[in-house]
1. Inside region 212-315, counting only helices (runs of 4 or more DSSP H) that do not spill past its ends, which hold 3 or more residues that are within 26 Å of ARG104 (Cα to Cα)?
2. Within region 91-109, restricting attention to residues that are outside any strand (DSSP E or B) and within 13 Å of the chain's Cα centre (by Cα), which residue is nearest to LYS151 (Cα to Cα)?
3. Can you name the residue in region 36-90 that is of a type in the set (Gly, Ala, Ser) and not in a loop (DSSP other than H, G, I, E, B) and is also nearest to the chain's Cα centre (by Cα) among such residues?
4. Can you name the residue in region 110-134 that is out of contact with any Leu (no Cβ under 6 Å at 6 or more places or on another chain) and part of a strand (DSSP E or B) and, of all such residues, is surrounded by the fewest Cβ atoms within 10 Å (Cβ to Cβ)?
5. Select from region 18-27 the residues that are part of a strand (DSSP E or B) and either without any contact (Cβ under 8 Å) to a residue 40 or more places away in the chain or not assigned by TED's automatic domain parsing to the domain that holds SER106 (or both) and list them in ascending order.
6. Just for region 296-305: of the residues that are of a type outside the set (Asp, Glu) and under 25 Å from ALA14 (Cβ atoms), which one is surrounded by the most Cβ atoms within 10 Å (Cβ to Cβ)?
7. With the checklist (1) at pLDDT 95 or above; (2) loosely packed, with under 13 Cβ neighbours inside 10 Å in hand, flag the one item VAL249 doesn't pass.
8. From the set of residues in region 165-206 that are at pLDDT 90 or above and more than 24 Å from HIS49 (Cα to Cα), which is farthest from the chain's Cα centre (by Cα)?
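The values are calculated or read from the model by the stated rules, or taken from the named source; none is laboratory data. Just so it is clear, the model here is predicted, and its values are computed rather than measured. So basically every Cβ, Gly included, is an ideal-geometry build from the backbone, and we count neighbours across all protein chains shown.
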Amino acid sequence: MALSTVHTYLGPSAAEAAYTAAEVSLAPTGTAPFKMRVVRVELQDLWLHQVDESGPRIKHAVQTPVRAVIKFLTLPGQELVSQGVALPYQAVLRHGRGHSYYDRTSDAIQWASLSLPVEQLSNAGIAVAGCNLAPLCDSSVFVPRIDAIMKLRQLHRAIVSLAENAPGVLAAPEVVRALEQSLVEALIGCLGDSDLREASWAQQCHEAIMRRFHNLLSDNPGRPIYVPEICAAIRVPERTLRLCCNEHVGMAPGRYLLLRRMHQAQRALSSATAADATVTEIATQFGFWHFGRFSGNYQLIFGERPSATLRRSLH
């Protein structure tokens, strides 16, 4: 019997908790409230998702090392930039084992993912197509034949439709087995006979810099951190860090760090429980000292004043 759910998550914190094969942090970049609708189906060993996001965001994720994760866009004309490179509609992205990366979107988006235990995908590649699908150290973009990617999309769409409209069908063990085997075959067809677009040397260097950038931020979760000290700590010039951040998160490092601090302040205001908590107290905790500017930026990003967020959390 398959496990299938359809759920809408409101806000980045709830959306982050929805991920089952990755540790994720989300920073919405639009002004409207962020929502994420997820259709999740766990067949037997193969898991699949369809994700609808309501607006633009920056995401950092660390994939689990035990599952091979494959991602693709479900609709043409949408933009998903992963590691500084736009994912083509006709391609699939296979994440590396335990891959740590940034990706970003510029608008609402719908994307899909599939995952299998890494050894099972490797064994299936040999059995079905005689190809080597061993775990990857880095992510790779594959451009399959048109018929192969169409078959994968159609199967994925059909299973998502069952989860949304007829979940009882997924209770039949033989249906689940048939769907999983068909989907594995279609997946191998996309990965085993395709044009592999390998990352350039410059892309690999920039990704390594962004990993060091993220690790430094992760090591200082409650402390504001600024561009000069980041450049000194990870030993890259500001110009290089700016280039890498523009590629990977779509904005300069100073702007990204400001957005990160604003989201940290918003989460602190939303979770405040002490009756004597104040906006000033929480703002200064994250390095904000010009309170009029903080309040104005906060309202632009979150659609309300920080005092309104705090008042709601205390009642």
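1. Output list reads 227-234, 238-248, 253-271, 291-302.
2. HIS95
3. ALA61
4. Looking at the filtered set, the residue picked out is PRO117.
5. GLU23, VAL24, SER25, LEU26
6. TYR298
7. Single failed check for VAL249: (2).
8. The residue in question is CYS205.
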